[in-house]
Amino acid sequence: MLILECPYCGIHAEETELHAGGQAHIKRETVGADDAAFEAYLFTRANPRGVHLERWRHVNGCGKWFHAARSTTTLEVFGTYPAQTLTPPDDIRAAITAKHPDWSFEGWQGAT
């Protein structure tokens, strides 16, 4: 059973109390994007074996969306953080790289 902590209300909720929203931190295409880029934005998602950043909604609680960093192979949760956060917080990045030193995520490496 996957248990995630809602970063807003602090409740540890089972996955049955949450709703998965897919991949987090998706780069949205601009108005001038060509059809192929817009199609990729709509339909192409990462489905990695290992660390993944996902969107979740606390349906049976506060109702807010948040992000979770977890392993898709072991279900280990590295942490959760508000959905308005553009990159994973430093403590979550440190927890991930401590266990998976070769792991990288486009968009957050080198972020300040």
Identity of the residue in segment 97-112, assigned to a loop (DSSP other than H, G, I, E, B), closer than 16 Å to residue 78 by Cβ and not charged (D, E, K, R), that ends up modelled with the lowest pLDDT: 109
In segment 82-96, the residues that are at pLDDT below 90 and not aliphatic (A, V, I, L, M): 87
Candidate set: segment 6-22, residues that are loosely packed, with under 15 Cβ neighbours inside 10 Å and in contact with a Leu (Cβ under 8 Å, 6 or more places away or on another chain); chosen: the one farthest from residue 44 (Cα to Cα): 12
Residue check for residue 79: under 12 Å from residue 19 (Cα atoms) and of a type in the set (Gly, Ala, Ser): no
Near pairs, Cβ below 7 angstrom, 6+ apart or cross-chain, from segment 22-37 (more than 24 Å from residue 51 (Cα to Cα)) to any residue that is acidic (Asp, Glu) and part of a loop (DSSP other than H, G, I, E, B): 37/29
Only listed residue being among the hydroxyl-bearing types (Ser, Thr, Tyr), in contact (Cβ under 8 Å) with a residue 60 or more places away in the chain and touching a strand residue (DSSP E or B) at 6+ places or on another chain (Cβ under 6 Å), chosen from 72, 80: 80
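The values are calculated or read from the model by the stated rules, or taken from the named source; none is laboratory data. Predicted model only: the values in this text are computed from it and were never measured. Neighbour counts run over all protein chains shown; Cβ positions are idealised from the backbone, glycine included.
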